[in-house]
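Here's the structure, in structure tokens; my notes come after.
Any read-out appearing in this document is the output of simple, stated calculations on the displayed coordinates, not a laboratory observation. Worth saying up front: this structure is predicted, and the values here are computed from it rather than measured. Reconstructed Cβ throughout: ideal geometry from the backbone, glycine too, with neighbour counts over all protein chains shown.
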Amino acid sequence: MIRRAILLCTFAAIIICSLIGLLFLDAMTSTDLSMLIALVFVLAMTALIFGLTYFLREIHLATAPLRDRLRR
């Protein structure tokens, strides 16, 4: 689960870097890249949300034994 979280967050970071490049390209040329930019942004946010959700789930699972000890 942790590998998947790291993979998705890294993928989101790479997509965000590509998004910044697309924004510069859109500003420098006369082509309209707004739909592509929106799609890349949604993809990046989706990857980040799922990656952080996996991290949160992994933390919850990893701390379960500690929570059990504190309840006793």
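Numbers at a glance
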read-out: Extreme residue, nearest to Leu56 (Cα to Cα), among residues of the stretch 11-40 that are among the polar types (S, T, N, Q) and in a helix (DSSP H, G or I); value: Ser18
read-out: Every residue from the stretch 39-72 that is within 15 Å of Ile2 (Cβ to Cβ) and of a type in the set (Lys, Arg); value: Arg57
read-out: Boolean, Leu8 is surrounded by 15 or more Cβ atoms within 10 Å (Cβ to Cβ), assigned to a helix (DSSP H, G or I) and touching a Phe, Trp or Tyr at 6+ places or on another chain (Cβ under 6 Å); value: yes
